[in-house]
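The values are calculated or read from the model by the stated rules, or taken from the named source; none is laboratory data. Remember, it's a predicted structure, so these values are computed and weren't measured experimentally. Heads up, the Cβs are rebuilt from the backbone with ideal geometry, glycines too, and the neighbour counts pull from every protein chain shown. These area figures cover heavy atoms from the full protein model, side chains too; ligands, DNA and RNA do not enter into them. Shrake-Rupley method; radii C 1.70, N 1.55, O 1.52, S 1.80 Å.
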Amino acid sequence: MTKAATKRFKWVPFVIGLLVLNWIAAAAARGPQPRRVTLPYTTFVEQVTSANVVSISSRGATIEGTLKNKVTYPPKQGPIPSSTQKPVTASVFRTERPTFADDDLLQLLSDNNVTVDAEPIDRKISLWVQLLSGFGPTILLLGLMYFFVRRASAGAGLGGLNKSKADLYVPPEKPTTFASVAGIDEVVDDMREIVDFLKHPARYQELGGVIPKGVLLTGPPGTGKTLLARALAGEAEVPFFAAAASEFIEMIVGVGASRVRDLFEKARAAAPSIIFLDELDAIGRARGGPMSFGGHDEREQTLNQILTEMDGFTGNEGVIVVAATNRPEVLDPALLRPGRFDRRVSVNPPDINGREAILRIHTRKVPLGPDVDLRAIASITPGMVGADLRNLVNEAALRAARGHEKTVSSADLTDALERVQLGAERHIVMSLLERTQTAVHEAGHAIVGMTLPGADPVRKISIIPRGQALGVTFQSPDKDRYAMSESYLRGRITGALGGRVAEQLKFGEITTGAESDLATATAIARRMVSNWGMSDAIGPVTMASDDEQSPFEVSVVSEHSREVIDAEIRLLIDECEKNAHVLVSANEARLDLLVAALLEHETLSEADAYRIAKVERSE
Ligand code: ADP
Ligand code: ZN
C-alpha cells in the first residue's frame, strides 16, 4: 500500500471501533439478558394450571414470563431425549402461542393469578437506548458520509460547504503596527498612504481621488509581505481577511469561485476592511499558456471571480485587496490592468541598515549580552531577509538557553548563523585519510578564495561534517552585492572547483565529496550562458524559459541552441578549472600549511586562515 493509501484508510479501524462501542453501549444499557428456557406451548399451559407462573407479557404470538420455581426443559430424563437442544434450567421462559390455539388464555391466566404485563417484563429499556441501538449505526454512518464528503471536497460541494476558509483576523490586544516592520521604509511609506485612505475615505472622495482597490506586494519570500499587510490592517484599525490563493483551488470546479465570492461578501459586510491574498501567482498565472491542462478551469474560474469582484467595487466600499507574490512575472496581465492591482509595491531584501533594524526589532524581548554588536551581525548576513533574521535570533536564544546562559552572547549569534547557513554539525567518525582528503579539498576552495582577486573573503574553514557536507569553506562578501560581474561569477565557479583541483593535485584522484561543487559550478555557468548573456557564442539573448517551475513548458529554445548552450557551459567550466589548477599549484605551500592547521584545529577562523596561509587580506 502506498503511503497515501495507508493514510486514506486510516479511518477504517476508527469506524469499526465506533460501531463496536455503539453496540457495547446499547447492550450495557439494556442490562444483562437473563437466561431463558424455551417451553412448548403445552408445557406452558401446564405450568399455568399448576400455578407456577407468576407473570407474563406478550408480543404478538411470543409470550415471555417468570416462574415461581425453576423449570428444566427439555427434561433431563424425559420422554423426548433431545440431542439438538441442551436442557436449560431457569425461572424465566419464553414460548410461542400457536395461532390456531383457540383456548381462552386470558381466563386461564386470571384463574391462576398470573399478572399480565403490558410491557415486556425484563426489557424495560429506556427510550434513548432503543433509539441508540436502533438508529445509532445509521446516524454514525450518515455522520461519516458527511465527514468524508466534506473532507474530499475540503469544504466544497454540498450546501453550506463552500464557505471560504479565510480567517478573519481578530484584532489582538496589541495589533501589529508598522513599528514591527523594519528595513523596508520606502514600502512602509506607501502603506501609510493606504492607511490614510482607509481612515479618512471622505477626504479623498471629496477631491475626486480614486482610492486604490488593489495593492500588489512583490518580493522574495520572507521579506515581510504578510507582516506588512497585517500591520496595514492594524494601523488602519480595520478587520483583516487573509487567505492563501492556493486554498481556493480544490478538486471540485466552481468551489474556488464561490469561496472568492464568499470572502468578498464577508469583507464588504465588515468594511472598511482589508483582504489579503497570499501566493497570488497560484491562481493568477497567465492563462492560455502551454501549462494549461488539468486544474486549469478551476484556476481560471477563480481568477475570473477575483477580477469580477474587484471590478464590481465602486471605490466607496472601503475594501482594499492586498495580494502578495514572489513571482510577479508570471501573473496574468489582466490582474494588473487599471482598477485592479494597479498599485504595485516591491518589497526588497533589506540592506545592512535594514538588517540591523530588523535584528533590533526581533531582539527587543531577548536579553543580549554586553558583547553583542547587532551592526556586526548585520554586516555578515548579506542576502538574509526578515524571516531569516528572526530565525537567526530565535536559534541563538535556543542555544543560550541550552547552555543555561542568562543572556544571548555574540558567540550564540555567530554559532546560530553557521547553523542556519551551513547546517547543524554531524557527529560521524572519519578516518585520518578521510579527514586529510576533506582538509585538502576545503583548503583548495580556501586558496582560490584567498588568492583570486575580487573573490568573496574566506570567513571560515572547517572539516567538521555538517548537513550533507564533510567540510565547509564559507565565504561572504564584505558589502551587499546587488549585481554580479562576469569576472566575479567566473571566480565563483573557479572557487567551487578549487576543492576538486586540490584533491587531484595531492592524491591524483578525486572523491565524491566534490559532487555538490560541480552542481554549483554548472548552475552558475548555465545561468551566465542562458540568462545573463555572458557567452560569446550565444550572445546577449536570453535562452531561459521564464517559467522554470513548469516541466511541461514547450521549449522555445531550439535543439541547436541547446547544444550550443551545453558546449558553452562546458567551455566556461573548463576554463575556470584550468584557472583553479594554476592558482592551487602556484600556492601549494600555502595549501599544505592550511591542511596541517585544519587537521590540528578542525576549524579556522577568517583571521587564522589568512595568517596561516600568509595571505594579505585584500580590502
Ligand atoms: P512574506 O510574506 O514576505 O513571505 P512574512 O511576512 O511571512 O514574509 O515574514 C515572516 C516573518 O519574518 C514575519 O512574521 C516577521 O517576524 C519576520 N520579518 C520579515 N520581514 C520583516 C521585516 N521587514 N521587519 C521585521 N520582521 C520581518
Ligand atoms: Zn567542496
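Every residue in the stretch 19-34 that is surrounded by 12 or more Cβ atoms within 10 Å (Cβ to Cβ) and modelled with pLDDT of 75 or more, please.
L19, L21, W23
State all residues of the stretch 185-219 that are under 24 Å from L307 (Cβ atoms) and acidic (D, E); if no residue qualifies, say none.
Hit for the stretch 185-219 is D190, nothing else.
Return the total of residues in the stretch 492-534 being away from ligand 2 (no atom under 15 Å from the Cβ) and in contact with a Gly (Cβ under 9 Å, 6 or more places away or on another chain).
Qualifying residue count for the region: 1.
Could you say which residue among S246, S258 is of a type in the set (S, T, N, Q), closer than 20 Å to A387 by Cβ and modelled with pLDDT of 75 or more?
S246
Yes/no matrix, rows are residues, columns are (1) loosely packed, with under 15 Cβ neighbours inside 10 Å; (2) of a type in the set (S, T, N, Q); (3) closer than 21 Å to R192 by Cα:
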| position | (1), (2), (3) |
| --- | --- |
| L331 | no, no, no |
| F341 | no, no, yes |
| V347 | no, no, yes |
| A357 | no, no, yes |
| T363 | no, yes, no |
| L374 | no, no, no |
| I377 | no, no, no |
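Which one of these is assigned to a loop (DSSP other than H, G, I, E, B), acidic (D, E), away from ligand 1 (no atom under 12 Å from the Cβ) and buried (at least 16 other Cβ atoms within 10 Å of the Cβ): E300, E317?
E317
Quick one: in the stretch 42-54, which of the residues that are among the hydroxyl-bearing types (S, T, Y) and farther than 11 Å from F93 by Cβ is most open to solvent (accessible area, probe 1.4 Å)?
The selected residue is T42.
Give G423, G444, G467 a once-over and let me know the one that is within 16 Å of ligand 2 (Cβ to nearest atom), within 26 Å of A597 (Cβ to Cβ) and touching a strand residue (DSSP E or B) at 6+ places or on another chain (Cβ under 6 Å).
Result: G423 is the single residue among G423, G444, G467 that is within 16 Å of ligand 2 (Cβ to nearest atom), within 26 Å of A597 (Cβ to Cβ) and touching a strand residue (DSSP E or B) at 6+ places or on another chain (Cβ under 6 Å).
If we keep just the residues of the stretch 476-495 that are among the aliphatic types (A, V, I, L, M) and either more than 28 Å from P350 (Cα to Cα) or open to solvent by less than 10 Å² (accessible area, probe 1.4 Å) (or both), which is nearest to ligand 1 (Cβ to nearest atom)?
L489
Which is under 27 Å from D332 (Cα atoms), within 20 Å of the chain's Cα centre (by Cα) and either crowded, with 19+ Cβ neighbours inside 10 Å or within 13 Å of ligand 1 (Cβ to nearest atom) (or both), of F264, F248? Write out each step before concluding.
Numbers: F264 fails: within 20 Å of the chain's Cα centre (by Cα).
Unique residue meeting the criteria: F248.
Any residue in the stretch 438-452 that is within 14 Å of E602 (Cα to Cα) sitting within a Cβ distance under 8 Å of a residue that is open to solvent by 10 Å² or more (accessible area, probe 1.4 Å) and away from ligand 2 (no atom under 12 Å from the Cβ)? List the pairs, counting only those 6 or more apart or interchain.
As it stands, the answer is T438/M430; A439/V595; A439/L599; V440/K506; V440/F507; V440/V595; A443/V595, since those pairs meet every condition given.
I'd like the full set of residues that are open to solvent by 70 Å² or more (accessible area, probe 1.4 Å) and either near ligand 1 (Cβ under 8 Å from one of its atoms) or closer than 19 Å to I275 by Cα (or both), limited to the stretch 190-226.
Passing the criteria: R192, E193, K199, H200, V210, P221.
Check whether at least one residue in the stretch 388-397 is small (G, A, S), within 21 Å of L228 (Cα to Cα) and within 15 Å of ligand 1 (Cβ to nearest atom), and report yes or no.
First, pick out the residues of the stretch 388-397 that are small (G, A, S): 396-397.
Imposing the further condition that a residue be within 21 Å of L228 (Cα to Cα) reduces the set to none.
The answer is no, given that none of the residues of the stretch 388-397 is small (G, A, S), within 21 Å of L228 (Cα to Cα) and within 15 Å of ligand 1 (Cβ to nearest atom).
Which pairs do you get when a residue that is more than 24 Å from G209 (Cβ to Cβ), found in the stretch 301-327, comes within reach of a residue that is of a type in the set (F, W, Y) and crowded, with 17+ Cβ neighbours inside 10 Å, reach meaning Cβ atoms under 7 angstrom, with the pair 6+ apart or on two chains?
T302/F248
Scan the stretch 568-608 for residues that are acidic (D, E) and not in a helix (DSSP H, G or I) and report the count.
Number of matching residues: 1.
So which residues in the stretch 379-397 are crowded, with 20+ Cβ neighbours inside 10 Å and either modelled with pLDDT under 90 or more than 18 Å from P220 (Cβ to Cβ) (or both)?
If the condition is that a residue be crowded, with 20+ Cβ neighbours inside 10 Å and either modelled with pLDDT under 90 or more than 18 Å from P220 (Cβ to Cβ) (or both), then T381, M384, V393, A396, A397 are the ones that fit.
Check A182, A243 and return the single one that is touching a residue at least 40 places away in the same chain (Cβ under 8 Å), touching a strand residue (DSSP E or B) at 6+ places or on another chain (Cβ under 8 Å) and among the aliphatic types (A, V, I, L, M).
A243
When only residues in the stretch 461-475 that are open to solvent by 10 Å² or more (accessible area, probe 1.4 Å) and closer than 24 Å to S487 by Cβ count, which is nearest to ligand 1 (Cβ to nearest atom)?
F474
Each row is one residue, and each column tells you yes or no for (1) buried (at least 18 other Cβ atoms within 10 Å of the Cβ); (2) at pLDDT below 90; (3) aromatic (F, W, Y).
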position	(1), (2), (3)
A401	no, no, no
E434	no, yes, no
A443	yes, no, no
I447	yes, no, no
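Regarding G454, is this residue modelled with pLDDT under 90 and away from ligand 1 (no atom under 16 Å from the Cβ)? Don't jump to the end; show me each part of the working.
Numbers: modelled with pLDDT under 90: yes; away from ligand 1 (no atom under 16 Å from the Cβ): yes.
In short, yes.
For the stretch 412-432, name all the residues that are open to solvent by 50 Å² or more (accessible area, probe 1.4 Å) and away from ligand 1 (no atom under 16 Å from the Cβ).
T414, D415, R419, Q421, E425, R426, H427, I428, V429, S431, L432, listed by residue number.
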